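Contents: one structure, followed by commentary.
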Amino acid sequence: ARLKLSFDDPELAGVEVRARRLNGGTLLELTKLRHLAGMKDDDPDVAEGLAQVFQGLAKVIVSWNLEEPVDQDDPDGPTRPVQVTAETIADQDLGLLMSIINALQDVTTGVSGPLDRSSAGGEPFPEVSLPMEVLSESPTS
């Protein structure tokens, strides 16, 4: 199934990402980015792990509406679409990549957003009074 990801971050307003639903293995692979973000850059596991994350994202992302300047020296000039490849993903902002992974994780695991403040979250469970009676003393033998 194709998923349209949504983002809460105002900086990502207008960013559209369509992706395939994750399986468990891919989800685990992509969540490595959180772990890798806390490691030192010179650790060899970081480079290898990031390469795996970028490859995983490239397999999952079907399309996005990201654009880049045709001429890198003229950032305000004409733009072209950014293709979805492991290499172009590696060039993106880490915050954007984390937002994509978080959105993928939320939609895959079925985590829904918080309820509206005006919502009571449904009716409270009614209290029930259970009748209680004194038990007779147990017979002695």
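Okay, here's what the table says:
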{"quantity": "Breaking point among (1) open to solvent by less than 50 Å² (accessible area, probe 1.4 Å); (2) assigned to a helix (DSSP H, G or I), for Gly77", "calculated": "(2)"}
{"quantity": "Only one of Ser6, Ser112, Ser63 that is surrounded by 11 or more Cβ atoms within 10 Å (Cβ to Cβ) and at pLDDT below 90", "calculated": "Ser6"}
{"quantity": "Selected residue (criterion: farthest from Leu3 (Cα to Cα)) from residues of the stretch 36-60 that are part of a loop (DSSP other than H, G, I, E, B) and either open to solvent by less than 80 Å² (accessible area, probe 1.4 Å) or modelled with pLDDT of 90 or more (or both)", "calculated": "Asp43"}
{"quantity": "Qualifying residue in the stretch 26-35 (condition: over 26 Å from Gly110 (Cα atoms), surrounded by 11 or more Cβ atoms within 10 Å (Cβ to Cβ) and without any contact (Cβ under 8 Å) to a residue 24 or more places away in the chain)", "calculated": "no"}
{"quantity": "Every residue from the stretch 45-92 that is basic (Lys, Arg) and within 18 Å of the chain's Cα centre (by Cα)", "calculated": "Lys59"}
{"quantity": "Residue match in the stretch 93-105 (condition: of a type in the set (A, V, I, L, M), open to solvent by less than 80 Å² (accessible area, probe 1.4 Å) and more than 15 Å from the chain's Cα centre (by Cα))", "calculated": "no"}
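The values are calculated or read from the model by the stated rules, or taken from the named source; none is laboratory data. Here the structure is a predicted model, which is why all the values come from computation and not from measurement. Note that each Cβ is placed from the backbone with ideal geometry, even for glycine, and that neighbours are counted across all protein chains shown. Accessible surface is based on the protein model in full, side chains and every heavy atom, while ligands, DNA and RNA are left aside. Shrake-Rupley method; radii C 1.70, N 1.55, O 1.52, S 1.80 Å.
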